[in-house]
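Report on the following structure.
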Amino acid sequence: MTDQIVEKVAVQTEESRNQGRRAFLKGSAAVAGGVLFTKAASAAEGAGYDPKKAVAPYAGKQELTEVLQDGAARKTLGFGVRKYPYGMPSPFEKEVQRRTLEWLTPDSMASITMTPLQSLHGIITPNGLHFERFHGGVPTINPDEHRLVIHGLVERPLIFTMDDLKRFPSVSRIHFVECPANGAMEWKGVQLNSVQWTHGMMSCVEYTGVRLSDLLKEAGIKPEGKWIIPEGADAAGLTRSIPIDLAMDDCFVAYAQNGEALRREQGYPIRLVVPGCEANMWVKYLRRIQVHDVPAQHREETSKYTELMPDGTAQRFSWYMEPNSVITYPSPDFKMQGPGKYYVRGLAWSGRGKVAHVDVSFDGGKNWKEAHFTSPVLDKAWTRFEVEWEWDGSEAFLMSRVTDETGYVQPPMPQMRTLEGTNNVYHRTAMVTWRVHAWEDGKNGGMIENVQY
Amino acid sequence: MFSTNKTLIAAAVATLFAGSASAMSGSSDGASGEKINGKYAANYEEIIRAADGKYLDAKVIEAILGKDATYGREGLEGKLDPANPYSFEVEDSIDGGNHGNAQCKIPAAFVEVHDSAKANYYNDSKFVARGFGTPIAESALAKWNIVVDGDGKGLPDASVGMTVEEGAKIYVQFCGMCHGEFGEGAKGYLPLAVDENLITSAFDDPAPMKTVGNYWPYATTLFDYIRRTMPFWTPNAPFIGDKGYMGIVGYILQSNYVKLDENGTEIQDDDFFNSEMLMKANKFMKNQGNFFCDHRPVIHNERCMTNCPDAQVGDGKGDIHHYKQARRLPDGTPQYNVPQRMHEDPPGVGHSGM
């Protein structure tokens, strides 16, 4: 590290410094430059870290003087290894659970639970908190007996064991999986005060599996095979029709989720992964893929998963999940802690690719501030955003708005309602609004409420 | 997509808008080949690639479709035109009937998907099977292959069936306890036969109930689905069999007053209901022809950062204090299912299922 380098670094403009920071993130050689710059700048300007200035905001606050005591954890031994051969969360986290609304469905075998998004961090959903949606309960399938068949318009119908599938080249990718009914209860106004209820019909995990294109090509797809009809081995025997172009794009047959085998609730031993598309297409307990010339027009693509429009017509084959975003902190499960600085965070995702920008408004959509990403930005995956907010304690209306790499900008609810009506059930992807009550608002001061424009 | 990251070509975006201007102003007197059917920029792929793949950007859509209300960015109908690069629709009818149903495909403008499918499939001339699977005869799948498609392929032959009256008895025995004896619904399960108008006049009206008669576009779906999944506790039951499932379908179609021909012939109790009758009914499902392929995105906003227009603020008229709240319990607690908990509303969320 010669003086020459220090000097050169010290004259960097603000712009080039930022570029260097980006290069640093990319792991380039500019690392040394960034570090040196800080050092050189403090020497040159005499404006380095000032400990007195740093603690100024604490001035005048009463300090605690009571001597801290040791707790039980410090004075006794904890439990030994293998107390839990399969580890469990701390009992203090027992409220962090999948939950359902008993009035949504008449039984628990054809029902849904929602992921507690308000309690999650980063972009990975733990396997035990992954949302559930079944049409015929959860089967417990012995993988040694499970088979996958590919047949129909193919040259060579084939059957695979689970060991056969694991012999194929593998792919591991992080994707969100979202029920298109996520947010469905909010078409006609709000009725739910938790992000678990408004957005919890989704999760984001790392899947490992075999590319569907590899499996389909293995069986020799005939040119007239334009659709595939995947089918489950459970009581629901769920089927959907997927066009071959979509199947060959980036779909895969997953056997693992977050590093371990899929959970039974998510399709053990194998499920289809259709990145970016509605979760109903991600057939679980997959046992058969029929290659076909036409779509099957089955119940899950005609009676259900079609969107009724204001004029009485209905949209079908709405495969892609449009870009969406939500602020998870602060959100209705929290209460503000008083005026001051907050780091507003949330999730953004797009079924059509990567998230490009997330903007946050504190005034109901009039003005927006661009958030930065605190997670990797991945294709068709949750992206975690964060933005600094100085709350002055007055009433505020928080909204987040995603723009994805295709250039699509998430719409406000009044606009979506005008164009799409309110009878769609599915694909309600407009923005939500959290109303922060003014700090001086009596017993509701600092309350965060789900409201809808 | 499995393909590698796209690279940013900032300069190309500028070119795009220059190019789009000419594509739009070219109108009818433009050089031939510039437009598809005189409406859409034929070089849409070029325009999209020049804009770094931003095929849903408001400006890109406008550059390709133009702006007008019929075929352009402002219009929805244009998207149902097979020539439109943003249309999910193709022309070929899959059943030759009067359904107005056609296959839906990935729009041409979604170039990323098509590029990926080409790389992974159509252009993969080197692919040779790895040989990890085991060949299986189609005949070995006789029990597993229960798919019936919208054309009726997969239906049992015409000798399999029973009279609608017999079908009704089976329905009452195995289905009525949840779906109601006449398909009116029971125990929180949704009805199968309610003749409700699908159009509501106001946004906060209760959503219409969608049932077989007023919503389902295909009768074939009924046979496939009921045989596949019902009775709920023991699906695809051999003691009901294809014959019994056919009878159940006949009874449900009758309960929904589905007709069999142009003359409005109704299904009679003593009709022998089989796959031929089913395929007749399949052509006269009341709501057929009312389904259209995915038309999204219908919204293509520009990203506004400061002083945004009233249409995008608050209630859509610029008022941020005009909002709806969730109802509260009498003690003031915000709650999620107030009408149900106060027994003002029946269980359910006012629409047919999730």
Just flag the trypsin sites (Lys or Arg not before Pro) in region B:118-207 sitting in loop per DSSP whose Cβ has no more than 16 other Cβ atoms within 10 Å. B:K126, B:R130, B:K143, B:K153, B:K187
Can you work out the Karplus-derived ³J(HN,Hα) for every residue in region B:182-196? Use 6.51 cos²θ - 1.76 cosθ + 1.60 with θ = phi - 60°, whole Hz, and x for glycine or proline. 10, x, 8, x, 6, 6, x, 7, 7, x, 9, 9, 9, 8, 9
At A:D144 and A:V67, where each label point lies 7 Å from the Cα along Cα→Cβ, what is the point-to-point distance in nanometres? 6.4
One would report the Cα pair-distance distribution of chain A, bin width 10 Å, in %, as 4, 17, 24, 23, 17, 10, 5, 1, 0
Range of Cα positions in region A:96-313 per principal axis (Å), largest first: 53, 44, 29
Counting only the backbone N, which residues of region A:392-418 are under 14 Å from the spot 7 Å out from the Cα of B:E302 toward its beta-carbon? A:409
Based on the Cβ-Cβ distance of A:S394 and B:E184, what FRET efficiency does E = 1/(1 + (r/R0)^6) give at R0 = 41 Å, to the nearest 0.05? 0.20
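Average projected area of the Cα convex hull of region B:141-282, in nm²?
Working: hull surface 38.1 nm².
Hull-based average projected area comes out at 9.5 nm².
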Around A:K222, which amide H atoms from residues at least 5 apart in sequence, or from another chain, sit under 5 Å from its own amide H, with H modelled in the peptide plane? A:V154, A:E155
Going by a 1.4 Å probe on protein heavy atoms, which residues of region A:144-175 end up with at least 20 Å² less accessible surface in the whole assembly than in their chain alone? A:V149, A:H151, A:R156, A:P157, A:L158, A:I159, A:D164, A:R167, A:F168, A:P169, A:R173
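So if R0 is 41 Å, what FRET efficiency would B:Q173 and A:S172 give, r being the distance between their Cβ atoms, rounded to the nearest 0.05?
Working: r = 50 Å, r/R0 = 1.21.
With a Förster radius of 41 Å, E is 0.25.
Determine, from the Cβ-Cβ distance of A:Y58 and B:K143 and an R0 of 60 Å, the FRET efficiency 1/(1 + (r/R0)^6), rounded to the nearest 0.05. The partial results should precede the final answer.
Values: r = 73 Å, r/R0 = 1.22.
For R0 = 60 Å, the calculated efficiency reads 0.25.
Above 20 angstrom, tally the Cα pairs of region A:324-451 and express them as a % of all pairs, no decimals. Don't skip to the end; give the middle numbers.
Details: 3616 of 8128 pairs.
For region A:324-451, the fraction of Cα-Cα distances above 20 Å is 44 percent.
Find the sum over both chains of the accessible area lost when B and A are paired, probe 1.4 Å, and report it in Å² to the nearest 100.
Numbers: alone 22420 and 23870 Å², together 35220 Å².
In total, this chain pair buries about 11100 Å².
Can you give the helix-only mean residue ellipticity at 222 nm for chain A, where every DSSP H stretch with n ≥ 4 adds -39500 (n - 2.57) and the sum goes over all residues, rounded to the nearest 500 deg cm²/dmol?
On the way: 11 runs with 81 residues, N = 453.
The per-residue figure over chain A is -4500 deg cm²/dmol.
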May I ask for the net charge around B:P135, where only other residues with Cβ less than 12 Å from the Cβ of B:P135 are counted and Lys, Arg are +1 while Asp, Glu are -1? -2
Once label points are set 7 Å from the Cα along Cα→Cβ at both A:Y343 and A:D441, what is their separation, rounded to one decimal in nm? 2.6
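Can you work out the accessible area per residue across region A:288-342, with the rest of the protein chains kept in place, probe 1.4 Å, in square angstrom?
Working: 1160 Å² over 55 residues.
Averaged over the residues of region A:288-342, the accessible area is 21 Å².
The values are calculated or read from the model by the stated rules, or taken from the named source; none is laboratory data. If you're wondering where the values come from, they're calculated on a predicted model, not measured in any experiment. Cβ: placed from backbone, ideal geometry, glycine included. Neighbour counts: every protein chain shown. The accessibility values were calculated without ligands, DNA or RNA, using every heavy atom of the protein model including side chains. Shrake-Rupley method; radii C 1.70, N 1.55, O 1.52, S 1.80 Å.
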